[in-house]
1. Only residues that are of a type outside the set (A, V, I, L, M, F, W, C), part of a loop (DSSP other than H, G, I, E, B) and under 15 Å from Asp73 (Cβ atoms): list them for the stretch 95-107, please.
2. Is there any pair with a first residue in the stretch 103-128 that is under 19 Å from Thr40 (Cβ atoms) and a second that is among the polar types (S, T, N, Q) and assigned to a loop (DSSP other than H, G, I, E, B) whose Cβ atoms are under 7 Å apart and which are 6 or more apart or on different chains, and what are they?
3. Residues in the stretch 57-95 that are without any contact (Cβ under 8 Å) to a residue 24 or more places away in the chain and either over 15 Å from Arg153 (Cβ atoms) or in contact with a Cys (Cβ under 7 Å, 6 or more places away or on another chain) (or both): how many?
4. Name the helices (runs of 4 or more DSSP H) wholly inside the stretch 1-78 in which the number of residues that are at negative phi and modelled with pLDDT of 95 or more is 1 or more.
5. Anything in the stretch 108-159 that is basic (Lys, Arg), in a loop (DSSP other than H, G, I, E, B) and surrounded by 13 or more Cβ atoms within 10 Å (Cβ to Cβ)? List them, or say none.
6. Would you confirm whether any residue within the stretch 72-89 is touching a Leu at 6+ places or on another chain (Cβ under 9 Å), surrounded by fewer than 17 Cβ atoms within 10 Å (Cβ to Cβ) and either charged (D, E, K, R) or over 22 Å from Asn38 (Cβ atoms) (or both)?
Amino acid sequence: VPYRELCLWPAAREEFLLRCVLVLRARSQAGLRSVAANSTIVLADDDPSITALVRLTLQRNGMSCEVATNGGDALALISKLKPSAAILDVGMPNIDGFEVLSRIKTNPDLAQTRVILLTGCEQEMDILRGFSLGADDYVTKPFNPMELMMRLRRVIGRI
């Protein structure tokens, strides 16, 4: 009940400002949770351990996760489901993640899809290429699943 705490008096000016910040932070975190809940995410990665970890993290945070193991299947799922976001590995069979990203962003029906690249490619040129193709975020492996979750929430909140 942060709103009650906001109205407690007497309070020094600094304490009142701190209370306002705490209330706003609680409201923004609640907004992120509600935006993320019931979201569908397409995850494209050919590594079963990565897909299992990310899928479990998403499901524990109230999201559904559809998995593709190659770029062609990822494009088909994204076209069919129109997900809230896609998490793409760069190094996938069939069509790589950069090409999937490019096709998403140049297709008017899919261009609003939020995309996070999750990859082992750490070279500056790869990161720049990802952002220049329209990636909303770029996360390198190894990664922290909760950090990925927070980045995903932030990206979905931009819709």
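1. Listed by number, the list holds a single entry, Asp96.
2. Taking only residues 6 or more apart or on different chains, the pairs are Ile104/Thr113; Arg114/Ser84.
3. Within the stretch 57-95, residues that are without any contact (Cβ under 8 Å) to a residue 24 or more places away in the chain and either over 15 Å from Arg153 (Cβ atoms) or in contact with a Cys (Cβ under 7 Å, 6 or more places away or on another chain) (or both) number 4.
4. By residue number, 48-60.
5. Lys141
6. Checking the stretch 72-89: at least one residue is touching a Leu at 6+ places or on another chain (Cβ under 9 Å), surrounded by fewer than 17 Cβ atoms within 10 Å (Cβ to Cβ) and either charged (D, E, K, R) or over 22 Å from Asn38 (Cβ atoms) (or both).
The values are calculated or read from the model by the stated rules, or taken from the named source; none is laboratory data. These figures come from a predicted structure and were not determined experimentally. Counting neighbours? That spans all protein chains shown, and the Cβs are built from the backbone with ideal geometry, glycine included.
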